[in-house]
Amino acid sequence: EAGVVQSPRYKIIEKKQPVAFWCNPISGHNTLYWYLQNLGQGPELLIRYENEEAVDDSQLPKDRFSAERLKGVDSTLKIQPAELGDSAVYLCASTSGTANTGELFFGEGSRLTVL
Amino acid sequence: AQSVTQLDSHVSVSEGTPVLLRCNYSSSYSPSLFWYVQHPNKGLQLLLKYTSAATLVKGINGFEAEFKKSETSFHLTKPSAHMSDAAEYFCVVRRGSNYQLIWGAGTKLIIKP
């Protein structure tokens, strides 16, 4: 069974440029998460989807971040414009069921460097 | 409010010796607790979970953790460290009302040959 796939693995951009990350969850997993992870810290939730509905986006900086999950499968996370402080690893995770069971399956992450 | 404190940012042990990674939590009711592992440049992986069944939980790769309500702890242990255990370990508590996960800051486990 394929795991959670994220792309790109690495991205270097200049500040004020846009960037987008893509995530393909495990087949059949209806719950999808985007996390941000800074160096030496634990992941911080950005947004959680149940199917195509964003059920928790309270921590998403909506002035520059946006996300979508069309058809309840793949998801994209966009930053526009990027700032220096956005340099981090962006993690996607998925799980089956509608509740946050805590058993998440993670992709390898997309590492963003903003210059 | 729930929170998680990992008491050590780094733990260094010799190969073949026991591993202890400490985690304390605060919760107003019985929590669900998890340990995740993150190897360099790899995705996070669930090691084990506690969800109000047996207080001693066994996970993958020989790890186990004991839930101690009186001490509000959920320490992770392994009898004998292996070089492949070198990674970052995260303790996680699940917030019951809306199922949010609260992550600790992580403990980096270093294995000396």
If we only count strands (runs of 3 or more DSSP E) wholly inside the range A:41-115, which ones have 3 or more residues that are under 18 Å from residue B:95 (Cβ atoms) and either free of Cβ contacts under 8 Å to residues at least 12 places away in the same chain or within 14 Å of another protein chain (Cβ to nearest Cβ) (or both)? A:44-50
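Residues checked against (1) under 27 Å from residue A:37 (Cα atoms); (2) in contact with a helix residue (DSSP H, G or I) (Cβ under 8 Å, 6 or more places away or on another chain); (3) not in a loop (DSSP other than H, G, I, E, B):
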| position | (1), (2), (3) |
| --- | --- |
| B:24 | yes, no, yes |
| B:33 | yes, no, yes |
| B:36 | yes, no, yes |
| B:42 | yes, no, no |
| B:54 | no, no, no |
| B:65 | yes, no, yes |
| B:71 | no, no, no |
Give the number of residues within the range A:32-61 that are under 12 Å from the mean Cα position of the chain (by Cα), open to solvent by less than 40 Å² (accessible area, probe 1.4 Å) and over 14 Å from residue A:108 (Cα atoms). 7
Of the listed residues (B:72, B:55), the one being away from chain A (no Cβ under 14 Å) and at positive phi is B:72
Here is a check on your reading of the model: is residue B:47 within 25 Å of residue A:5 (Cβ to Cβ), outside any loop (DSSP other than H, G, I, E, B) and in contact with a helix residue (DSSP H, G or I) (Cβ under 7 Å, 6 or more places away or on another chain)? yes
Out of the residues in the range A:12-25 that are under 19 Å from residue A:68 (Cβ atoms) and open to solvent by less than 80 Å² (accessible area, probe 1.4 Å), state the one that is farthest from the chain's Cα centre (by Cα). A:18
Expected single match for open to solvent by less than 60 Å² (accessible area, probe 1.4 Å), in contact (Cβ under 8 Å) with a residue 24 or more places away in the chain and over 18 Å from residue B:24 (Cβ atoms) among B:87, B:65 is B:87
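The values are calculated or read from the model by the stated rules, or taken from the named source; none is laboratory data. Note that the structure is a prediction, hence the values are computed from the model and not measured. In this analysis, Cβ positions are derived from the backbone assuming ideal geometry, glycine residues included, and neighbour counts consider all displayed protein chains. Side chains are part of the model used for accessible areas, which takes the heavy atoms of the whole protein and leaves out ligands, DNA and RNA. Shrake-Rupley method; radii C 1.70, N 1.55, O 1.52, S 1.80 Å.
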